[in-house]
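The values are calculated or read from the model by the stated rules, or taken from the named source; none is laboratory data. This one's a predicted model, so the numbers in the text were calculated from it and none came from an experiment. Quick reminder, even Gly has a Cβ in these numbers, built from the backbone with ideal geometry, and neighbours come from all protein chains shown. To get the accessible areas, we keep the full protein, side chains included, count just its heavy atoms, and leave off ligands, DNA and RNA. Shrake-Rupley method; radii C 1.70, N 1.55, O 1.52, S 1.80 Å.
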Protein chains: 2
Amino acid sequence: MQTLRSHVGGRWIEGSGALDTLVNPATEEPLARAGAGGIDRKAALEFARTRGGPALRALTFAERGALLKAVGDALTAHRNELLDLSVTSGGNTRGDAKFDVDGATFTLAAYAEIGKGLGAARVLADGEGITLGRSPRFHGQHIAVPRHGVAVHINAFNFPAWGLFEKAAVALLAGVPVLTKPATSSAILAHRMVEILLAQAVLPEGALSLLVGGVGDLLDHLGPQDVVAFTGSSETGRKIRALPAVIRQSVRVNVEADSLNAAVLGPDAAPGSETWEFFVKDVLRDMTQKAGQKCTAIRRILAPAEVAVRLRDDLVDRLRGVVVGNPAEDAVRMGPVATAAQLLDVREGIGRLASDGRLAVGSAAPLDGRGAPAGKGFFVAPCLVEVERGAIAPTVHSVEVFGPVATLVPYSGTASDATEIVARGQGGLVSSVYSEDSAFTTEVVLGLAPFHGRIFLGSAKIAEQSPGPGTVLPHLVHGGPGRAGGGEELGGLRGLGFYMQRVALEGSKPVIEKIAGMGTP
Amino acid sequence: MQTLRSHVGGRWIEGSGALDTLVNPATEEPLARAGAGGIDRKAALEFARTRGGPALRALTFAERGALLKAVGDALTAHRNELLDLSVTSGGNTRGDAKFDVDGATFTLAAYAEIGKGLGAARVLADGEGITLGRSPRFHGQHIAVPRHGVAVHINAFNFPAWGLFEKAAVALLAGVPVLTKPATSSAILAHRMVEILLAQAVLPEGALSLLVGGVGDLLDHLGPQDVVAFTGSSETGRKIRALPAVIRQSVRVNVEADSLNAAVLGPDAAPGSETWEFFVKDVLRDMTQKAGQKCTAIRRILAPAEVAVRLRDDLVDRLRGVVVGNPAEDAVRMGPVATAAQLLDVREGIGRLASDGRLAVGSAAPLDGRGAPAGKGFFVAPCLVEVERGAIAPTVHSVEVFGPVATLVPYSGTASDATEIVARGQGGLVSSVYSEDSAFTTEVVLGLAPFHGRIFLGSAKIAEQSPGPGTVLPHLVHGGPGRAGGGEELGGLRGLGFYMQRVALEGSKPVIEKIAGMGTP
């Protein structure tokens, strides 16, 4: 059986001590072992800082963009192998696998284009120049330059491919080396991707390090120029924020955590209408894609009270038709959740939600997956929990069940009622409103905006082109306030800000203009 | 004797329990008492959120800008009274007092203009629209909206006027109510300013609350839409960042803390040249203005080794001529530090720095100020500490002595040596380079940029118009990485981002364009 190694300090290193066993979530068949005991994390950070950093900073944005393109090309050349690995190691259907793997290359391509557009510059001009004195000679200009630290990326188990590269693409384009730590349970895919890149020496030495195994004392060695971007549970996010080294050194931390994303159906969307069907399709996709293991998945479905029963019946009908099982089987539409621990969490979460309402379909009971050995695999049926209109239903707005589970919450049909209910979630990554009534849509958008990082406006007019609210796009920000962690990633150029230092230059105009335009052709 | 009250929940409240006595730092004569015992801080926050927030959000940016103008006008109408109060309560010379009070009204005026420029909008469009699909109909656009929380501002003792309004102007323009907590020792001025505004009902009820006294449990009641902006010591900044409520609720925190700001004299600046004189003038201003109690003051003076002695002699000559004493006296050029505790800290700091080098002028010994009663007042002489070239001199790069104290650090005269030495400070608010050689300036600027929030390019060409590196301008960002706290304030529109939620809208172009342009005429 393969033992996954880490790549730090410019070489592959096998961890010592106890190793975790990684299994196929559909069959529980062991696939690999992994662990990072004994690895010198401090040295790993220092190598990235002192080798990867200068190498990246020596490049222009266009050259870094070309690196990202080369990374994407190298991965694309192994696409089928990576998709297969995603299916066996992540419990993903082939569609889920594409969502993750192609999401990674799509994001790399988007940031490669951004780099190309920035051209031969090494310094990013931030906004326009400002006249500060009586004469235009005394001049101000903000610029952004790469931080001299390392970007530590701690990723979640659900997107080993996209999660790695949506973070790494931005850091590398900014000129900052990356030390990436995939979740151990699904690290096989991330490990293979890094292996492909290293075999071809696509990136400068030290630009991308990989730690497979526990974080250990990694974060205790962070310095004031380093940053940490974390995706995962609120609880771990809080622990990272509270680390003495992080607080003492003003280390920048970005957290993407829990989110009870809501989807609001407008009162104008009649059952069976195009808007209704679009809504149902998006809800179903979010509940079942990746077995609901997307931080952006719809968790709360808000429907006008008078159509809530009809909506429930529509959803129940279609959820009953979802074939759950080993994604290696063609007929299977939804795979297992990623780990035994996740399965326990999901089952327990279903129980908590159900105590606040009624299970309309699905259950927390054990389930044998189609094409999986009896009693094996981390399967759970899609669950829809109905709650009463106006019920306080505390768990609905506070318990994120990270699986194929959503709640159906009837509301009065007014925008103010919908936004008041959604806001009880205390901040989320993305919520959505499906309506053809632009006045209703506008009111909901403005009501939800302070509590979200993204709002999806579902209407029949864009149904054909839309990937739905659950897909994170590189040109739009990803993150959210409050419960969602208070972070922000991506958003095109915006994402670079986290990895760069913005600095105001104040002085004589010709010198400042020359610096702000440095390297531009 | 006056007892300073807090204004929370829409009324003036006197604290119960023990009160602090505030004194004139030049004479130690008691001026007022203050304390905030028994004040319901949770209710104070809730009042600001539920009364001040909606009232501000109902206004357009132009209307909020007009409020800021009215605030500035009301304060300007009391300018002489406020300057007098600044002299007696803050140990400020009249020049220092103007720097603080006029700095406040200047910043208010700048943000009033920004508000005017944003016009009738209530939503801020962030960047351009983005085509997301195959057709332009599927559209993305970022907008920013006011957070629904309260902005808690915890200010430092050195700028009771500017500190209050450089923060409040930005929050109020963003549409977020403010609860401001001045440092108790110099709260008299802030208290009077708020009193003037409340007497004239310049702001909507709940838009500006004042807490005079200890923070108490204030920060334990913060929610996910609230923000905290703190200026003060690193140690307190760390405590705020580590608070359970702050971490649990992803409360946004901005910290402006210690900074060992450096000024680099270029090798081209010959003794006596215009650039040399400009440099000397700026160093002297920063060492003596506000008795060196500016977070942006030059703390480390880097001079080419071959002219370091000459520079020392120039500085020593002029520092010896600085008359220290009661700023109520006309001849006095530098007042006391703000409190007895500060005086102790400064004396102890001088001792630590001197252990790393040699005191060229000044001392940690007690000093009677001109025009102050013998043995009274918190006076200290301006101190210049020389260190050896290349000496490791650890305290020079790590101990910020918050008084009229700087170190003189010889360097080789190369840009790389200068930037390497400055970077030992582990991140600062502002550093500066004085040179007419644009290649040298450029190299220093690029070397310093990752470690600073602002860089001042001193050259003879702008000497006449320049306020020097120690002055924070509203259109440039203020803050810095690492030791400086990792924060960012001001910077024109940039400052609003902290108080607003950026949200990506994704959907049908016409609806999104209408929302992004909302309220715009």
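Can you say whether A:ASP20 is without any contact (Cβ under 8 Å) to a residue 40 or more places away in the chain and farther than 30 Å from A:GLY492 by Cβ, as far as the supplied structure shows? Don't jump to the end; show me each part of the working.
On the way: without any contact (Cβ under 8 Å) to a residue 40 or more places away in the chain: no; farther than 30 Å from A:GLY492 by Cβ: yes.
Judged against the criteria, A:ASP20 is not a match.
Against the conditions (1) closer than 18 Å to A:LEU164 by Cβ; (2) not in a helix (DSSP H, G or I), A:GLU195 satisfies every one except (2).
Could you check segment A:1-25 and list, in sequence order, the residues that are surrounded by fewer than 17 Cβ atoms within 10 Å (Cβ to Cβ), touching an Asp or Glu at 6+ places or on another chain (Cβ under 7 Å) and assigned to a strand (DSSP E or B)? Lay out the reasoning, then the answer.
Within segment A:1-25, the first condition is being surrounded by fewer than 17 Cβ atoms within 10 Å (Cβ to Cβ), and the residues that meet it are A:1-3, A:10-12, A:16-18, A:21.
Now drop any that are not touching an Asp or Glu at 6+ places or on another chain (Cβ under 7 Å), which leaves A:3, A:10.
Scanning segment A:1-25 gives a single hit, A:THR3.
Could you check, for segment A:199-206, whether at least one of its residues is under 27 Å from A:GLY479 (Cβ atoms), more than 19 Å from the chain's Cα centre (by Cα) and open to solvent by less than 10 Å² (accessible area, probe 1.4 Å)? No, segment A:199-206 has no match at all. Across segment A:88-136, the number of residues qualifying as open to solvent by 20 Å² or more (accessible area, probe 1.4 Å), farther than 20 Å from A:PHE498 by Cβ, away from chain B (no Cβ under 14 Å) and in contact with a Phe, Trp or Tyr (Cβ under 7 Å, 6 or more places away or on another chain) comes to 0.
In the set (1) at pLDDT 95 or above; (2) within 13 Å of A:VAL212 (Cβ to Cβ); (3) open to solvent by 50 Å² or more (accessible area, probe 1.4 Å); (4) not basic (Lys, Arg), A:GLU28 fails one condition alone, (2).
Screening segment B:60-87 for residues that are open to solvent by 40 Å² or more (accessible area, probe 1.4 Å) and among the polar types (S, T, N, Q) and picking the one that is nearest to B:GLU28 (Cα to Cα) gives B:ASN80. Here A:ILE350 meets each of (1) open to solvent by 20 Å² or more (accessible area, probe 1.4 Å); (2) among the β-branched types (Val, Ile, Thr); (3) modelled with pLDDT of 95 or more with one exception, condition (1). Annotation for segment B:200-222: no member residue is of a type in the set (A, V, I, L, M), assigned to a strand (DSSP E or B) and in contact with a Gly (Cβ under 6 Å, 6 or more places away or on another chain). Taking the numbered list (1) within 19 Å of A:PRO304 (Cβ to Cβ); (2) more than 10 Å from chain B (Cβ to nearest Cβ); (3) β-branched (Val, Ile, Thr) in turn, A:VAL433 passes all entries but (2). Summed over segment B:407-430, residues that are at the interface with chain A (Cβ under 10 Å from one of its Cβ atoms) and in contact with a strand residue (DSSP E or B) (Cβ under 6 Å, 6 or more places away or on another chain) total 1. Give the residue that is surrounded by the fewest Cβ atoms within 10 Å (Cβ to Cβ), with candidates limited to residues of segment B:376-390 that are assigned to a loop (DSSP other than H, G, I, E, B) and modelled with pLDDT of 95 or more. Per the criteria, the residue is B:LYS376. Checking each residue in segment A:31-48 for being open to solvent by 10 Å² or more (accessible area, probe 1.4 Å) and over 17 Å from A:ALA190 (Cβ atoms) picks out A:GLY37, A:GLY38, A:ASP40, A:ARG41, A:LYS42, A:ALA43, A:GLU46, A:PHE47.
Among strands (runs of 3 or more DSSP E) entirely within segment B:67-173, having at least 3 residues that are of a type in the set (A, V, I, L, M) and over 30 Å from A:SER466 (Cβ atoms) singles out B:151-154.
Here are B:SER412, B:SER398, B:SER438: which of them is without any contact (Cβ under 8 Å) to a residue 24 or more places away in the chain and surrounded by fewer than 24 Cβ atoms within 10 Å (Cβ to Cβ)?
Details: B:SER412 fails: without any contact (Cβ under 8 Å) to a residue 24 or more places away in the chain; B:SER398 fails: without any contact (Cβ under 8 Å) to a residue 24 or more places away in the chain.
Sole residue among the options that is without any contact (Cβ under 8 Å) to a residue 24 or more places away in the chain and surrounded by fewer than 24 Cβ atoms within 10 Å (Cβ to Cβ): B:SER438.
Taking the criterion of being within 7 Å of chain B (Cβ to nearest Cβ), open to solvent by less than 10 Å² (accessible area, probe 1.4 Å) and under 16 Å from the mean Cα position of the chain (by Cα), the residues of segment A:467-487 that qualify are A:LEU476, A:VAL477, A:PRO481, A:GLY485.
Against the list (1) within 13 Å of another protein chain (Cβ to nearest Cβ); (2) farther than 21 Å from A:MET334 by Cα; (3) outside any helix (DSSP H, G or I), the condition A:THR296 fails is (2).
Consider A:THR339 carefully, then state whether it is surrounded by fewer than 24 Cβ atoms within 10 Å (Cβ to Cβ) and within 26 Å of the chain's Cα centre (by Cα). Answer is yes for this residue. Among the criteria (1) more than 7 Å from chain A (Cβ to nearest Cβ); (2) within 13 Å of the chain's Cα centre (by Cα); (3) crowded, with 24+ Cβ neighbours inside 10 Å, the one B:PHE451 does not fulfil is (2).
Taking every residue in segment B:265-277 that is open to solvent by 50 Å² or more (accessible area, probe 1.4 Å) and pairing it with any residue that is of a type outside the set (Ser, Thr, Tyr) and outside any helix (DSSP H, G or I), at least 6 positions away or on another chain, the pairs with Cβ-Cβ distances below 8 Å are B:PRO267/B:PRO304; B:PRO267/B:GLY413; B:PRO267/B:ASP437; B:ASP268/B:GLU436; B:ASP268/B:ASP437; B:GLU274/B:ALA463.
When restricted to residues that are more than 8 Å from every other protein chain (Cβ to nearest Cβ), open to solvent by less than 40 Å² (accessible area, probe 1.4 Å), part of a loop (DSSP other than H, G, I, E, B) and in contact with a strand residue (DSSP E or B) (Cβ under 9 Å, 6 or more places away or on another chain), segment A:488-521 contains 1. Consider segment B:353-375 and keep the residues that are open to solvent by 30 Å² or more (accessible area, probe 1.4 Å) and assigned to a strand (DSSP E or B). The one that is farthest from B:ASP258 (Cα to Cα) is B:ARG370.
The set of residues from segment A:245-259 being touching a residue at least 24 places away in the same chain (Cβ under 8 Å) and either away from every other protein chain (no Cβ under 13 Å) or more than 22 Å from A:VAL396 (Cα to Cα) (or both) comprises A:ALA245, A:VAL246, A:GLN249, A:SER250, A:VAL251, A:ARG252, A:VAL253, A:ASN254, A:VAL255. Residues that are facing another protein chain (nearest Cβ under 7 Å) and polar (S, T, N, Q) do not occur anywhere in segment B:137-151.
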